[in-house]
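Visitor: I'd like to ask you about the structure that follows.
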Amino acid sequence: MSDPTNPHIKERNTPQWGLYQRENFMKQREGTTPLFNTDPRKLEERAKEKLTEGGWYYASSNAGMSNTHLVNRQAFYRHRLIPNQLIDTNNRSTRTTIFDHNVSAPIGFAPIGINKIYHPTGEAAVAKVAKELNLPYCLSTAGSTSIEKVAAANGPTGTRFYQLYMPHDDELTVSLLTRAWENGFDALILTTDTWQLGWRHDDVATSNYAFYRGFGADLGLTDPVFRSRCLADGIDPDVDIVEASTKWIDSVWHGQAWSWEKIPWLMKTWKEISGGRPFVIKGIQSVADARGCVELGVDGIIVSNHAGRQVDGAVASLDALEKIAQAVGDRIYVMFDSGVRGASDVVKALALGARFVFIGRLWVWGLSIQGEDGVRHVMKSLLADLDILMGVAGYNGVQDFNLDILESDPKNYTLIPEKTL
Ligand SMILES: Cc1cc2nc3c(=O)[nH]c(=O)nc-3n(C[C@H](O)[C@H](O)[C@H](O)COP(=O)(O)O)c2cc1C
């Protein structure tokens with residue numbers, strides 16, 4: 001399968017992602033090294049170049065004692081894949097569809113804010129790689145690059161969705177949704193688990209909140225409604241960036257919860273603006289909430305606990321997925337995130353009933369280490385991992401990821417002291 005002249009390559013409808021393994025194995029012979037594998041001195045130099053020290057803490061911190069993060073990872077160990085032998089997987093496909101988009105794999109870029117604290121190229125670099133790999137990209141309301149610039153980087157044919165932190169200002173919400181739609185963001189994802197940041201010790205202890213230092217307000221600073229709100233408060237959004245950023249983040253997030261009563265308004269507003277494109281709720285963890293989404297006519301849910309960053313001591317997102325998929329998986333498009341670190345995690349989530357999986361920290365780390373190249377390396381490696389796993393375990397496509405390929409032990413949460421990844 002490492003043979004680049006393998007005749008099946010031409011027959012497959014997805015690239016032979018697995019060849020990325022070969023490419024990296026060849027590097028020693030070529031006198032180079034795979035990305036991220038560099039001598040420690042260079043790493044030190046790179047650390048000095050970092051835009052802000054805060055990026056590491058912000059990306060790695062979890063709610064409270066990190067118990068939800070830990071259990072997110074442990075849940076994957078309860079399930080084991082059952083490989084099948086002597087299956088002709090030569091023409092296997094990683095391809096799938098999401099909301100009418102034909103994409104390379106059931107893997108997308110989860111919405112992550114303030115990318116410029118990880119690398120100066122920020123969201124544009126990530127959106128560019130997403131387009132190249134034909135994977136969906138989600139832009140966060142807390143992004144550090146405008147809707148318009150991200151759309152340009154993602155290109156006319158990129159599959160992109162807009163993640164909303166809903167302002168307590170309907171006119172501003174409408175303005176954001178209109179801009180998102182006009183710039184090709186084809187589904188709306190409302191995140192409901194973050195009315196306020198969870199209590200994250202490290203960020204609090206180091207006073208690490210980039211928004212209050214002027215990062216992460218670009219969607220607001222480029223918005224006509226938000227700019228008029230700033231001017232009304234005596235803040236010039238072109239000059240007083242720190243004040244404007246503080247106002248932005250305080251007005252879209254902090255302290256005020258929305259409730260179910262608001263959802264029909266948001267859904268109707270988005271459908272009117274977009275001509276009926278999908279509306280998704282992200283952050284669902286209970287069967288009751290999942291059923292609530294079905295009753296309201298929501299198109300999709302992302303079973304997510306925000307990578308364990310919001311509620312400490314909560315259920316593992318994968319365990320929530322199992323129950324939710326059983327209860328409503330045939331009535332709503334179920335997606336999953338939180339804790340995916342490799343292809344076998346992707347396959348397990350799909351086997352448990354998710355139709356699509358989103359990746360967060362993996363690409364953030366790639367971005368931090370080496371910008372656009374780092375994101376590309378991480379995501380191509382994940383695709384190669386998936387391609388190879390399917391080849392060696394006898395799976396030909398997403399249709400093969402079902403409960404038959406899993407052996408699950410409901411009690412066995414292997415208590416590995418997980419390297420906090
Ligand atoms: C540093 C960081 C920032 C995040 N920012 C956002 C955000 O702006 N909007 C959002 O809906 N989710 C946000 N999330 C949650 C992700 O979208 C996603 O749910 C989570 O990262 C998936 O888990 P994983 O990182 O283990 O893959 C963030 C997560 C991290 C780690």
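The values are calculated or read from the model by the stated rules, or taken from the named source; none is laboratory data. The model shown is predicted, which means the values in this text are computed figures rather than measured ones. FYI the Cβ positions are ideal-geometry reconstructions off the backbone, even for glycines, and counts take in every protein chain you see.
Visitor: Criterion first (away from the ligand (no atom under 15 Å from the Cβ), within 22 Å of the chain's Cα centre (by Cα) and on the phi < 0 side of the Ramachandran plot) does His119 satisfy it? Lay out the reasoning, then the answer.
Guide: On the way: away from the ligand (no atom under 15 Å from the Cβ): no; within 22 Å of the chain's Cα centre (by Cα): yes; on the phi < 0 side of the Ramachandran plot: yes.
Against the criterion (away from the ligand (no atom under 15 Å from the Cβ), within 22 Å of the chain's Cα centre (by Cα) and on the phi < 0 side of the Ramachandran plot), His119 does not qualify.
Visitor: If we only count helices (runs of 4 or more DSSP H) wholly inside segment 193-234, which ones have 3 or more residues that are modelled with pLDDT of 95 or more?
Guide: Details: elements: 201-205, 218-221, 224-232.
In segment 193-234, 218-221, 224-232 are the helices (runs of 4 or more DSSP H) which contain 3 or more residues that are modelled with pLDDT of 95 or more.
Visitor: Quick check on this structure: which one of Val298, Val315, Val311, Val280 is within 15 Å of the ligand (Cβ to nearest atom), buried (at least 20 other Cβ atoms within 10 Å of the Cβ) and at pLDDT 95 or above?
Guide: Working: Val298 fails: within 15 Å of the ligand (Cβ to nearest atom); Val315 fails: buried (at least 20 other Cβ atoms within 10 Å of the Cβ); Val311 fails: buried (at least 20 other Cβ atoms within 10 Å of the Cβ).
From the options Val298, Val315, Val311, Val280, the qualifying one is Val280.
Visitor: Find the residue count for segment 333-373, including only residues that are surrounded by fewer than 23 Cβ atoms within 10 Å (Cβ to Cβ), outside any helix (DSSP H, G or I) and either basic (Lys, Arg) or more than 13 Å from the ligand (Cβ to nearest atom) (or both).
Guide: 4
Visitor: Is there a residue in segment 393-403 that is buried (at least 20 other Cβ atoms within 10 Å of the Cβ), part of a loop (DSSP other than H, G, I, E, B), of a type outside the set (D, E, K, R) and in contact (Cβ under 8 Å) with a residue 60 or more places away in the chain?
Guide: For segment 393-403, residues buried (at least 20 other Cβ atoms within 10 Å of the Cβ), part of a loop (DSSP other than H, G, I, E, B), of a type outside the set (D, E, K, R) and in contact (Cβ under 8 Å) with a residue 60 or more places away in the chain: present.
Visitor: Kindly provide the set of residues from segment 117-137 that are at pLDDT 95 or above and either assigned to a loop (DSSP other than H, G, I, E, B) or of a type in the set (Gly, Ala, Ser) (or both), ordered by number. Don't jump to the end; show me each part of the working.
Guide: Residues of segment 117-137 that are at pLDDT 95 or above, as a first pass: 121-137.
Of everything in segment 117-137, those that are at pLDDT 95 or above and either assigned to a loop (DSSP other than H, G, I, E, B) or of a type in the set (Gly, Ala, Ser) (or both) turn out to be Thr121, Gly122, Ala124, Ala125, Ala127, Ala130, Asn134, Leu135, Pro136.
Visitor: Sticking with this structure for a sec: Listed residues Asp330, Asp250, Asp240; which is closer than 21 Å to Trp199 by Cα and over 20 Å from the mean Cα position of the chain (by Cα)?
Guide: Among Asp330, Asp250, Asp240, only Asp250 is closer than 21 Å to Trp199 by Cα and over 20 Å from the mean Cα position of the chain (by Cα).
Visitor: Of all residues in segment 89-116, which are within 16 Å of the ligand (Cβ to nearest atom), outside any loop (DSSP other than H, G, I, E, B) and of a type outside the set (Val, Ile, Thr)?
Guide: Gly108, Phe109, Asn115, Lys116
Visitor: Next question. Determine which single condition Gln326 fails, assuming it passes every other condition in (1) more than 11 Å from the ligand (Cβ to nearest atom); (2) in a helix (DSSP H, G or I); (3) in contact with a His (Cβ under 9 Å, 6 or more places away or on another chain).
Guide: (3)
Visitor: Testing Ser93 on (1) modelled with pLDDT of 95 or more; (2) buried (at least 24 other Cβ atoms within 10 Å of the Cβ), one condition comes back false. Which one is that?
Guide: (2)
Visitor: Which members of segment 161-185 meet the condition of being within 16 Å of the ligand (Cβ to nearest atom) and either out of contact with any Pro (no Cβ under 7 Å at 6 or more places or on another chain) or at pLDDT below 95 (or both)?
Guide: Here is the first cut: in segment 161-185, the ones within 16 Å of the ligand (Cβ to nearest atom) are 161-167, 173, 176-177, 180, 185.
Passing the criteria: Tyr162, Leu164, Tyr165, Met166, Pro167, Leu176, Leu177, Ala180, Phe185.
Visitor: Looking at (1) crowded, with 20+ Cβ neighbours inside 10 Å; (2) within 16 Å of the ligand (Cβ to nearest atom); (3) under 13 Å from Ile249 (Cα atoms), which one does Leu188 not meet, given that it meets all the others?
Guide: (3)
Visitor: Conditions: (1) part of a loop (DSSP other than H, G, I, E, B); (2) within 16 Å of the ligand (Cβ to nearest atom); (3) touching a Lys or Arg at 6+ places or on another chain (Cβ under 7 Å). Gly158 meets all but one. Number of the miss?
Guide: (2)
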